[in-house]
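Here the structure is laid out as structure tokens; the discussion comes afterwards.
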Amino acid sequence: MLESSYNILFRKLALRCLFDDHFEDGRHFTTKLLLKPTDDPHVDLMATISGPLDPKAEETIIGNAVFRWQSDVDDPHTFGDLCVSTSDPILLMRACAYFPEYGIGAFGILPVLQKKRVSLEDYGVIGLRYGSSNLSVGATLMPYSLGDEFSKSAWLVSKIGRLTAGVQYDPKFETKESARYQNLKNWNYAIGYGLGTGSPLSPSFNFSLELAQNSQFIASFYQHVVVQRRVKNPLEENEVVGITNYIDFGFELQTRIDDQKASNNIQDSTFQVAASWQANKNIMLKAKAGPLGSSLCLAFKSWWKPSFTFSMSAVRDRTVGKTSYGLGLCIDNVREASYQRADPNFVMLTPNKEHLAEGIQWKTGSRPMLQANVDSGNFDGVPRELRPLGRIL
């Protein structure tokens, strides 16, 4: 609810997760804890510690923690949290209230403790938004500022069928001759074509074109594929004779459309491509490549209570010709363990079970799978993080 719908509907957040998640910085480590008390499911705590592996490095170890409370266990849109950190801001308060019957939401971000307040954003931000199945409009404001700097950002996104169009005001550039909203570099425009409910349980794809800062042309593609295989997972129960694979693919190209710099500069025209393969509920393999370097990541996840995810990544920097390695560890009992499991309630097509498919023989090239409610759009009873976002856009 604190993110712009412009970033969500054009798959900017999904691409960011595909390009960044589990790809730890070379010669660095990251440890993350996500904990929820069993007696009170309304609260949870997330703590992150990251830093260099070399104790002699000039970088320092950074620690962050977020304590979150939400009024409804099944509704994550109305919440409040406290963020503490060893870096600025030291203490940050955030709160959001959403009324689904009206489609209206409001939120606020207040840095309580900060070593140095440089920008007006450091004194607090408030936001308002409206969302329906076809329209989303919202704005974030800085109440402690006056005049042209009052608005921090704004967006308007509309969706008709599979076509989505939107505009976002992001005032990063100042101008002396006119107001910020008259500077074309502060406006971004995008149009996209996509298919899918937006839930990880069903396949989807999105292709979008964006004109950013009146100087950058960005083309991106993101596809999520759900594949069921007639393979037995030795870690599952004996009657489960099928597993589910999740494959994600993303591509992003950026190039300048003005002539202020040479077109052969690699910073003016660049691209990156990434792919992720969730082989089963325990193993994920990710890779990405671009002109500046390439990375490979292997992540192993257990579904114990609490679960843990251990990741190893290798980063090849082509500019210096060196390969570095990173480690990551995440301990979690907050998120539902339903995304990777072959469960008949939480997959697009239910995996075939021998005791549910009596009389059906396995044949080469045929998959007698049972159709689940998810394929028909019925997400009742599905964990909240697996539900689509289309209803609130």
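Can you pull out every residue in the stretch 97-121 that is in contact with a Pro (Cβ under 8 Å, 6 or more places away or on another chain) and among the basic types (K, R)?
Within the stretch 97-121, R117 is the sole residue that qualifies.
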Review point. Among the candidates K152, K176, which residue alone is modelled with pLDDT under 85, in a strand (DSSP E or B) and not acidic (D, E)?
Key: K152
Exercise for review: Considering only the stretch 16-57, state which residues are in contact (Cβ under 8 Å) with a residue 60 or more places away in the chain, in contact with a Gly (Cβ under 9 Å, 6 or more places away or on another chain) and not charged (D, E, K, R).
Suggested key: L18, F19, H22, F23, G26, H28, F29, T30, T31, L53
Practice item. Might you let me know whether the stretch 256-267 holds any residue that is surrounded by 14 or more Cβ atoms within 10 Å (Cβ to Cβ), over 21 Å from D20 (Cα atoms) and modelled with pLDDT of 85 or more? Key: yes
Exercise for review: Report yes if some residue within the stretch 12-19 is modelled with pLDDT of 85 or more, farther than 23 Å from G328 by Cα and surrounded by 14 or more Cβ atoms within 10 Å (Cβ to Cβ); otherwise report no.
Suggested key: yes
Review point. In the stretch 130-146, what residues are of a type outside the set (A, V, I, L, M) and assigned to a strand (DSSP E or B)?
Key: Y130, G131, S136, G138, T140
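The values are calculated or read from the model by the stated rules, or taken from the named source; none is laboratory data. This structure is a prediction, so every number in the text was calculated from the model and none was measured. No Cβ is skipped: glycine too gets one built from the backbone with ideal geometry, and neighbour counts run over all protein chains shown.
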